[in-house]
Amino acid sequence: MVMLELIDILVLLLLATTAVAVARIRNLWAAVMFTGIYSFLGAAWMLILDAPDVAFTEAAVGAGISTVLLLSTLALTSREEKPIKKFPILPLIVVVVTGATLVYGTLDMPHVGDPTSPVHTRMEPSFIEKSDHDMHGELPNVVTAVLASYRGYDTLGETTVIFTAGIAVLLILRRPGKLSVASSNRSQPEESDG
Amino acid sequence: MDNFPIIRVITKLLMPYILLFAFYVQFHGDFGPGGGFQAGVILAAGLILYGLVFGLPALHKVAPPPAIERLIALGVLIYAGTGVATMLLGGKFLDYDVLGHHFLPGWLPEGQHLGIFLVELGVGVTVTSVMTVIFYCFAGREPVDGH
Amino acid sequence: MDISSVLGLFNYWIVIVLMMTGFYIVIARGNLIKTVIGLNIFQISVFLLYITMGRMEAGTAPIIQKTAEVDQAYSNPLPSVLILTAIVVGVATTALALALIVRIREDYGSIEEDDILALDRES
């Protein structure tokens with residue numbers, strides 16, 4: 001377990017470093033690349049925390065799809081951030097004060113992995129036991145069972161949100177009847193980044 | 001990316017495995033880690049990779065935009081339709097226990113298992129097609145110069 | 001405060017650092033793409049907070065193993081479910097924000113907040 005703790009701390013420190021790097025870098029292209037690394041480190045940490053389903057999704061979304069979308073946006077807009085005239089001190093104060101308050105709040109929280117914390121004890125019987133009974137042992141993956149069955153309404157709502165966002169992007173960015181014409185003129189959209 | 005033979009060859013080699021893995025995650029999600037959301041993003045990431053390396057026209061041949069746009073709605077329809085089907089069969093909305101059938105009993109899933117299978121399929125279809133359409137929208141747009 | 005509580009709360013502290021970095025990027029920078037990146041960083045830190053809380057010591061992924069011993073502990077599946085859907089919804093809404101940025105750039109010729117505000121004041 002000591003090995004796992006060490007990896008845990010290492011990944012966390014890398015995450016913090018990457019986030020600070022994103023905040024400091026002026027070049028947007030580099031910032032997008034660092035965001036991809038940040039997402040991938042996040043996915044790695046989720047795997048350590050026993051959430052393989054989430055880790056999959058985060059790896060595919062964070063390091064794959066959202067990086068590609070951000071890069072395509074950069075290709076359509078600009079790659080450099082405008083230099084700032086003077087260093088803004090007020091946001092830094094706000095962030096430090098908020099962060100200190102949050103850290104003070106964590107002092108009362110149960111430690112990570114504590115089996116007696118409310119997260120693990122408040123639901124009786126837990127989803128694990130309930131799903132084993134309700135699904136007749138046919139669905140070993142409790143995450144899928146909770147997602148599609150116990151929280152079926154919620155997931156229907158989430159699917160509808162994704163549907164709506166897709167339709168909205170389609171309405172904003174597609175000029176009527178021009179999608180196929182525009183794309184055949186411009187066969188390799190990422191060429192300028194390659 | 002015609003000038004990068006290594007990228008083209010490796011992409012062609014990896015493509016079947018990415019697609020196979022996506023389908024594995026989709027249909028094995030009841031037993032191992034996986035499900036509709038994960039499979040959807042993995043499949044879409046595979047399609048986007050293909051589009052980045054071989055160009056949009058090649059991807060349009062594999063996944064025609066009109067078909068993909070219809071699939072967005074089809075996924076939500078499968079999900080909500082499962083709920084309506086359970087209501088017609090006498091249960092509550094999305095109460096899968098009433099789902100049953102007479103094809104190969106014992107071989108094909110029934111009840112909760114069948115309901116979850118259909119719902120995850122709906123989620124997978126919607127997520128894949130939304131991600132692909134978003135990529136089409138961004139990649140198919142011409143950059144304009146600012147005034 | 002002893003070493004065990006430092007180790008036990010370390011995850012939360014790093015999550016707070018990430019959260020505040022994202023927050024800083026959102027409020028300190030006028031570039032719209034940088035703001036979206038900041039929101040992304042903030043969002044992922046919230047995901048990590050949830051997943052951290054669902055973790056159980058000596059637990060394993062919430063996939064029931066028939067062959068394992070009876071008392072096998074599992075991590076809480078509920079945070080995984082909530083975050084799983086949130087990630088995919090998050091990328092869909094990020095794409096919507098980026099689409100709006102692309103349209104803003106086409107109409108205003110800039111993605112800097114102060115330029116856009118100045119252009120709005122002129123007209």
For this session: Just the number, please: carbon plus sulfur as a percent of the accessible area of chain B, 1.4 Å probe, no ligands or DNA/RNA counted.
Result: 73 percent
Seminar exercise, completed: Heads up, chain C by the C-alpha gyration tensor (a ≥ b ≥ c square roots of eigenvalues; a/c under 1.5 rounded, else a/b over b/c prolate, else oblate) looks oblate
For this session: Answer with one residue from B:115, B:132, B:33: the one whose Cα lies farthest towards the positive end of the charge dipole of the protein assembly as shown, charges on Cβ with Lys, Arg +1 and Asp, Glu -1.
Result: B:132
For this session: Take the alpha-carbon positions of chain B, form their convex hull, and give its projected area averaged over all directions (one quarter of the hull surface) in nm².
Result: 12.4 nm²
Exercise. Sorted by accessible area (1.4 Å probe), largest first, how do A:58, A:158, A:129, C:122 line up?
Worked result: C:122, A:129, A:158, A:58
Exercise. Using heavy-atom solvent-accessible surface (probe 1.4 Å) with all chains present, what is the largest-first order of B:19, A:71?
Worked result: B:19, A:71
Exercise. Each label point is 7 Å from the Cα along the Cα-to-Cβ direction; what then is the distance between the points at residue A:96 and residue A:122, in nm?
Worked result: 3.4 nm
Exercise. Shape of the stretch A:1-80 from its Cα gyration tensor (a ≥ b ≥ c, root eigenvalues): rounded if a/c is under 1.5, otherwise prolate when a/b > b/c, or oblate?
Worked result: oblate
Problem set entry | Sequence-distant lysines (8 or more away, or on other chains) whose Cα lies within less than 29 Å of residue A:82 | C:34
Exercise. Nearest 20 debye, what's the magnitude of the dipole of the protein assembly as shown about its Cα centre given +1 on Lys and Arg Cβ and -1 on Asp and Glu Cβ?
Worked result: 1480 debye
Exercise. Using a simple charge model, +1 on the beta-carbon of Lys and Arg, -1 on the beta-carbon of Asp and Glu, nothing else, what dipole does the stretch A:1-80 show about its Cα centre, in debye to the nearest 20?
Worked result: 480 debye
For this session: Bin width 20 Å, alpha-carbon pairs only: give the P(r) of the protein assembly as shown as whole percents, running from 0 to the bin holding the largest distance.
Result: 23, 54, 22, 1
Exercise. What does the accessible area of residue B:24 come to, in Å² to the nearest 10, when a probe of 1.4 Å is used?
Worked result: 120 Å²
For this session: Compute log10 of I(q)/I(0) for chain A with the Debye formula, placing one identical point scatterer on every Cα and leaving out solvent, at q = 0.12, 0.14 Å⁻¹, to two decimals.
Result: -0.99, -1.22
Exercise. Gap in Å between the Cα centre of the stretch A:113-153 and the Cα centre of the stretch C:40-92?
Worked result: 11 Å
Exercise. At a 1.4 Å probe radius, carbon and sulfur cover how many percent of the accessible area of chain C?
Worked result: 62 percent
Problem set entry | Chains A and B together, accessible area buried on both sides, 1.4 angstrom probe, square angstrom | 4900 Å²
Exercise. About its Cα centre, what dipole magnitude does the stretch C:49-119 give when the only charges are +1 on Lys and Arg Cβ and -1 on Asp and Glu Cβ, stated in debye to the nearest 20?
Worked result: 420 debye
Seminar exercise, completed: Rounded to the nearest 100 Å², the accessible area hidden between A and C, summed over both chains at a 1.4 Å probe radius, is 7700 Å²
Exercise. Once both axes come from the Cα atoms, what is the angle between helix A:152-173 and the longest principal axis of chain A, in degrees from 0 to 90, rounded to 10?
Worked result: 0 degrees
Problem set entry | Ellipticity estimate at 222 nm from DSSP helix runs (n ≥ 4, -39,500 (n - 2.57)) divided over the protein assembly as shown, nearest 500 | -23000 deg cm²/dmol
For this session: Could you please report the charge total around residue B:37, scoring K, R as +1 and D, E as -1 over all other residues with beta-carbon less than 13 angstrom from its beta-carbon?
Result: -4
Problem set entry | In order through the stretch A:41-49: 3J(HN,Hα) via Karplus (6.51 cos²θ - 1.76 cosθ + 1.60), integer Hz, x for Gly, Pro | 5, x, 4, 4, 5, 4, 5, 4, 7
Problem set entry | Within-13-Å neighbourhood charge of residue B:119 [Cβ basis; K, R +1; D, E -1] | -4
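The values are calculated or read from the model by the stated rules, or taken from the named source; none is laboratory data. If you're wondering where the values come from, they're calculated on a predicted model, not measured in any experiment. When we count neighbours, we look across all protein chains shown, and the Cβ atoms used for this are built from the backbone with ideal geometry, even at glycine. Just so you know, the surface numbers come from the protein's heavy atoms only, side chains and all, with ligands and any DNA or RNA stripped out. Shrake-Rupley method; radii C 1.70, N 1.55, O 1.52, S 1.80 Å.
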